[in-house]
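Accompanying notes for the structure given below.
None of the figures in this text is laboratory data; all of them are computed from the coordinates on show. Note that the structure is a prediction, hence the values are computed from the model and not measured. Cβ sites come from the backbone with ideal geometry, for glycine too, and all protein chains shown count toward neighbours.
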Amino acid sequence: MNNNQRRRFLKLGAKTMTGAGLALGANPLLTLAQAADSSFADGADYRALVCVYLEGGSDGFSLLVPTDSAEYNEYTRSRQQLAVGQDQLMNLSALSGNHGSLGFSKHAEPLYHLYQEQRMALLANVGNLIVPTSRGQYEDKSVPLPAQLFSHSDQEIQWQQLQGRGRGEHGWGAAAAEHLSSYQQRDYLTSVTLDGSNYWQSGSGQRPFAMKETGLLEFAGLDKTNEWEQPRAEAFSRVMQMHQSNVFSSAYADVQNRAIRITEELGQVLEGKQPIITKQPEQNSLAAQLGMVAQLIAARGQLGMRRQIFYVRMKGFDVHDHQNKTQPWLFQELASALSYFQATLDEIGESDNVTTFTASDFGRSLTGNGDGTDHGWGNHLMVMGGAVKGGDVYGTMPQMGVDGPDAIQNGRVVPTLASTQYAATLLRWMGLPDDQLHQVLPTLANFRQSDLGFLS
């Protein structure tokens, strides 16, 4: 092979490294067969977190609504034509009994049933905070506030990193995965994304193992089962096996060979698993992503996994326009996907081992801008799974008046629970001790309650 040909193959190989979804780990030479034979394969003490990111700022105030007469009237005065009608709400009881009467959107009915079965909990008025903050402190600027509070890009980064006022070097998922990776041999599968790169799982040289909803990312042009591509694949393999005198060429070849080996081995494991029979909702991208997460969880014994974090994303929540038309459809798709995922976890016997939680840039404003809402702050979120102490609302429902004690400019609600507290509760369930929690979440010490109590 001449130098020109060799350069073309190396260029092709550079493209396949991204296609492999490669994430470097500490144990690159361990094979799946070795992992399956190890003590990790006994399935003991497995736990997984699944982050469902609702891109654009989901409107939790259309999902969970106060229904006592005085509170509901205040809610409708603030939201006006965007207020959810009483006939579109299902009565929701809370075990703690200190939230008054509440209603849950009929458009998310499958989640209502999970809540009633005590397999889902609601978190009231969660948001990005550095320290506990009141309306007065916000207006006086007497406490540190998150930078660029109502900007999508800034708040997505800050929510997924939780490193303080500005942008940090890593996400809290990435920092946690670094601690959790010691629980298993296949450490590159500790952190898996079904929606490409994200701030939650990235930083300090780390990146998640990337997949797509239909399975592994493919090595373009190197399919050994295709007679047209087989010669190219074999030639590329020979180049990667050649002795490399240059340290960079040698490292590149090692990465490529490992990427190919991982892709082939993981593909064999997934193809060999018994198919999941729970029917997946059609034309639902979130459900498809979660279906692939379920397949990976079902294979965790063969893969030698004990701790994993997964990231999926649903778009469309930036509802500045046509909210009364768009919001019900979004809730229906979200509820269909999450209830399907929980049913699938039941089918594979992993419901007690997996906790699924929602996150978003921020909530929406109480006031409308015509037929939609603007960027807000506090938000109502959800967490579900067999370990969840469900059937309850955690936190404090805000007063919904635009001029009330919980609202600032344009009806943006000041959070009363911090995203940091939410994250700490999830990570403590995953097994992180307090010293590691404070490393991952440096502002946690600013809050009196570091465990919100929604996980057993």
Study note, to complete from the structure: Computed over the chain, the relative contact order (Cα-Cα under 8 Å, seq sep at least six) in percent reads 31
Check your understanding: So what J values fall out for the stretch 442-450 if you push phi through Karplus, 6.51 cos²θ - 1.76 cosθ + 1.60 with θ = phi - 60°, rounded to Hz, Gly and Pro as x?
Key -> x, 9, 4, 5, 6, 10, 5, 9, 9
Review point. How are the C-alpha pair distances of the stretch 257-414 spread across 10 Å bins, as whole percents from the shortest bin up?
Key: 9, 29, 29, 19, 10, 3, 0
Check your understanding: What's the center-to-center distance, using Cα atoms, between the stretch 46-78 and the stretch 285-302 in Å?
Key -> 27
Point to revise | Point-to-point label distance, Thr278-His438, nm (Cα→Cβ direction, 7 Å offset) | key: 3.9
Study note, to complete from the structure: In the structure shown, of Lys106/Lys325; Lys106/Lys212; Lys141/Lys315, the pairs separated by more than 23 angstrom at the C-alpha atoms are Lys106/Lys212; Lys141/Lys315
Study note, to complete from the structure: Here the stretch 336-342 yields Karplus 3J(HN,Hα) values (6.51, -1.76, 1.60; θ = phi - 60°; whole Hz; Gly and Pro given as x) of 4, 5, 5, 5, 4, 4, 5
**Study point:** Relative packing of peptides 71-82, 45-56 - highest average C-beta neighbours within 10 Å first
**Key:** 45-56, 71-82
Study note, to complete from the structure: Quick calc: nm separation of the 7 Å Cα→Cβ label points for Arg238 and Ala445 -> 6.1
Check your understanding: Once you treat every alpha carbon in the chain as an equal point and sum by Debye, what is log10 I(q)/I(0) at q = 0.12, 0.13 Å⁻¹?
Key -> -1.01, -1.15
**Study point:** Charge-dipole axis of the chain as Lys and Arg at +1 and Asp and Glu at -1 on Cβ define it, positive-most pick from Thr373, Phe357, Tyr311
**Key:** Tyr311
Exercise for review: Enumerate the calculated ³J(HN,Hα) couplings along the stretch 57-65 in order (Karplus 6.51 cos²θ - 1.76 cosθ + 1.60, θ = phi - 60°), each rounded to whole Hz, writing x wherever the residue is Gly or Pro.
Suggested key: x, 6, 8, x, 7, 9, 8, 10, 10
Exercise for review: Write down, largest first, the equivalent ellipsoid semi-axes of the stretch 124-186 in whole Å, where each equals the square root of 5 times an eigenvalue of the alpha-carbon gyration tensor.
Suggested key: 29, 12, 10
Study note, to complete from the structure: Summing -39500 (n - 2.57) over every DSSP H run of at least 4 in the chain, dividing by its residue total and rounding to the nearest 500, the 222 nm mean residue ellipticity is -11500 deg cm²/dmol
Exercise for review: Using only the Cα atoms, work out Rg/Rh for the stretch 397-456, with Rh taken as the Kirkwood radius, to two decimals.
Suggested key: 1.12
Check your understanding: What are the residues whose amide H is under 5 Å from the amide H of Phe209, where those residues sit 5 or more places off or on another chain and H is modelled from the backbone?
Key -> Ser191, Val192, Thr193
Check your understanding: Which value results when the Cα radius of gyration for the stretch 358-414 is divided by 2.2 N^0.38 Å?
Key -> 1.32
Study note, to complete from the structure: If amide H atoms are modeled at 1.01 Å from N in the peptide plane, then the residues at a separation of 5 or more from Asn125, or on another chain, having amide H under 5 Å from its own are Asn379, His380, Leu381
Practice item. Percent of Cα-Cα pairs per 5 Å bin, from 0 to the last occupied bin, for the stretch 222-292, please list those. Key: 3, 13, 15, 16, 14, 12, 12, 8, 5, 2, 1
Exercise for review: Note down the nm distance, to one decimal, between modelled labels 7 Å out along Cα→Cβ at Lys325 and at Glu227.
Suggested key: 5.3
